[in-house]
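Chemist: My questions will all concern the structure given below.
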Amino acid sequence: MGSKQDLLNSNATPKRWLLLMAGLLCVGLAAAGTVLPLLPTTPFLLLAAACFARSSEKLHRWLHTNRLFGPYLLAYRNGEGIPLKAKIATLLLLWVSLSASLLLVIPPRLWFVRIALALIGAGVTVHILRIKTRQQEKRLWGAYQRDLPKA
């Protein structure tokens, strides 16, 4: 389903093309999110995986077997949680960037935007804290590969 020939045949509907493009955009945003604190990685990867699941088996498999993105998806899907270091880094970056936005970027006359951002930050914080904390990074990439669906 995900080969070049598949993409060029008559079954490539506009819906499929839109899902492919949305999936690729989400992968790009997830990649940016690995370096930029304001962009989350996992939600974009989950959205990309959903788009690819409905549009390209090949890209769906690639995303799950990718060295950078595969472990995020598999750990989330398996309910393994997030390492403590990642939680701390995420929350620290979240609140540093939100604080900078609240204090330096958003003018006081837009107080409702400040309140909305603070509430969103609080919601994200609660969500992250409720996710299971993985104690150690025991699983290596090879262990993740064993869990992958075969091509």
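The values are calculated or read from the model by the stated rules, or taken from the named source; none is laboratory data. Being a predicted model, the structure only gives us computed values, none of them experimental. In this analysis, Cβ positions are derived from the backbone assuming ideal geometry, glycine residues included, and neighbour counts consider all displayed protein chains.
Chemist: Out of all the residues in the range 44-72, which are aliphatic (A, V, I, L, M) and either modelled with pLDDT of 90 or more or within 25 Å of Ala12 (Cβ to Cβ) (or both)?
Modeler: Leu45, Leu46, Leu47, Ala48, Ala49, Ala50, Ala53, Leu59, Leu63
Chemist: Of the residues Val27, Val96, which single one is at pLDDT 85 or above, β-branched (Val, Ile, Thr) and assigned by TED's automatic domain parsing to the domain that holds Ala122?
Modeler: Answer to the selection: Val96.
Chemist: What pairs can you find where one residue is in the range 115-131 and over 12 Å from Leu98 (Cβ atoms) and at pLDDT 95 or above, the other is part of a helix (DSSP H, G or I) and basic (Lys, Arg), and their Cβ atoms are less than 9 Å apart, with a gap of 6+ or different chains?
Modeler: Note: no pairs meet the criteria.
Chemist: Now for a separate question. Please give the number of the condition Leu92 fails out of (1) in a helix (DSSP H, G or I); (2) surrounded by 14 or more Cβ atoms within 10 Å (Cβ to Cβ).
Modeler: (2)
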